[in-house]
Amino acid sequence: MQVKQRIGMLDLVGQYRRLQSEIDAAMDSVLERGDFIQGSSVTLFEQELADYLSVPHVISCGNGTDALQLAFMALDLPAGSEVILPSFAYAALAEVILLLGLSPVFVEVNPSTYLIQESAIEAAITNKTRVIAPVHLFGCMANMDAILDIAHRHNLYVVEDAAQAIGSYYSGVSVRGFAGTLGTVGTTSFFPSKNLGCFGDGGAVFCSNLELATRIRQLANHGQSTKYIHDIVGINSRLDTLQAAVLRVKLAHLEDFHAKRLTIAQRYVDGLQPLQDQGLLQLPCFSGINSQHSELKSTHVFHQFTLRIIAHEKRDTFRQFMSDRGIATMVYYPLPLHRQNAYFQEVALPVTEELCSQVVSLPICPELRLEAQQEIILNVEEFFQKP
Ligand SMILES: *Cc1c(COP(=O)(O)O)cnc(C)c1O
């Protein structure tokens, strides 16, 4: 158990306080109506999110992991089908793939974007490959031009895990659009700490194809076509009406949340640039509020501000140093998926291994005060200036 820090990774109560009157009113109206399951706020939220993302279909569900499970169930793949995914990612994707009797194939990530490496995808394709599953980690998007091109040439599905990148916008050579809307199916999570978070669990699936959307909706509701008529084996996965009401309020503020995150990221980048120039750390792949990094074709919504400490053996002392000054830090993720007992595979992924030993994330959230940001920068500088 980590001690509560003066400056936490995020400030959920602070965000609630800021939006309290709107959120309380939205929750009260659900309590008054009593439509707790599949209520009107759920339908309205799905429609508003679909409009925001310019995607024809949004199907809300219980959480981001269920969203991934529903996406893969809907594709109805033969047992043993291979899914190519990055090993530097959150575990939910690997878990769902294995639970459904599919076979994860872990590949390498790009050392500067931390996102799935397109050349590694091509090399991992076999006659059993059916899906490429990019994870848009930390708030920016994998190279969708390349991924969609590979998928097209090899006749593969693309499932995008956009749990950390809702609202990130990709402007590529041949494709443009929001995270989760460019592949066959996209998924997201409304876990409280995500950029668009509710007050408990929540998730959603996005897709453009009506037939697929209908199937996903049916799967999420016990495989029912009409009440008590079950055509396929489904699950029970719903977004609570109360959560949808909270999310409707927060969706209207999402652009503002992202502008605030971007300002903080810019401040960190400006403040820590000298340490990068000295070769002590590597900042996120991002070159400014109005420009896009050459290796990144999407905007960055900074779900996390993650840097690499080049001398990885200093990471623990760095975290202790910050903690002693009341500043939280986190490691996303300390152990790659291919090295976890649950998903173990004998593959050599040196970039992924190195990232897991070096990465550390600093606090970032719309409520982080300017003085806290400055204090964080000063303390990082102080740590690296120690002899
Ligand atoms: C949070 C997260 C999930 C899972 O979402 P839950 O709502 O917690 O089930 C999946 N993938 C990624 C990349 C995530 O960050």
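The values are calculated or read from the model by the stated rules, or taken from the named source; none is laboratory data. Fair warning: this is a prediction, and the values are worked out from it, not measured in the lab. Note that each Cβ is placed from the backbone with ideal geometry, even for glycine, and that neighbours are counted across all protein chains shown. For the accessible areas, the whole protein counts, side chains as well, though only heavy atoms, and no ligand, DNA or RNA atoms are used. Shrake-Rupley method; radii C 1.70, N 1.55, O 1.52, S 1.80 Å.
The table that follows gives values for the structure above.
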quantity	calculated
Gained length - LYS227 relative to GLU381, 0.36 nm times residue gap less alpha-carbon distance	49.3 nm
Exposure rank, largest accessible area first [TYR332, TYR90; 1.4 Å]	TYR90, TYR332
Residue-span extension gain [GLN273 to GLN47] - 0.36 nm each, minus C-alpha spacing	77.2 nm
Shape metrics for the stretch 322-387, restricted to C-alpha atoms - Rg then Dmax, Å	16.0, 46
Listed residue pairs exceeding 27 Å between alpha carbons, taken from LYS260/LYS386; LYS128/LYS227; LYS4/LYS297; LYS4/LYS314; LYS250/LYS314	LYS260/LYS386; LYS128/LYS227; LYS4/LYS297; LYS250/LYS314
Packing-based order for 25-38, 316-329, 181-194, 356-369, using average beta carbon neighbours within 10 Å, highest first	181-194, 356-369, 316-329, 25-38
Largest to smallest accessible area among HIS230, HIS222, HIS253 [probe 1.4 Å]	HIS230, HIS222, HIS253
Translational diffusion coefficient (Stokes-Einstein; Kirkwood radius from C-alpha pairs) of the stretch 227-380 at 4 °C, 1.567 mPa s, in µm²/s	70
Equivalent ellipsoid, the stretch 174-248 (semi-axes from 5 times Cα gyration tensor eigenvalues, Å)	23, 20, 8
Carbon and sulfur %, accessible surface of the stretch 124-253 computed with the full protein complex present, 1.4 Å	51
Residue-normalised accessible area of the chain, given per residue in Å² at a 1.4 Å probe	43
Projected area, mean over directions - the stretch 191-303, Cα convex hull, nm²	10.4
Accessible area, probe 1.4 Å, largest first, for residues GLU22, GLU82, GLU118	GLU22, GLU118, GLU82
Taking all pairs of distinct alpha-carbon atoms in the chain, Kirkwood radius in angstrom	21.5
Given charges at Cβ of Lys, Arg, Asp, Glu: the stretch 126-266 dipole, positive-most of ALA146, LEU212, HIS253	LEU212
Top positive-direction residue, dipole computed over the chain with Cβ charges, set VAL55, MET322, SER237	MET322
Theoretical ellipticity at 222 nm over the chain - DSSP helices of four or more residues, -39500 (n - 2.57) apiece, nearest 500	-12500 deg cm²/dmol
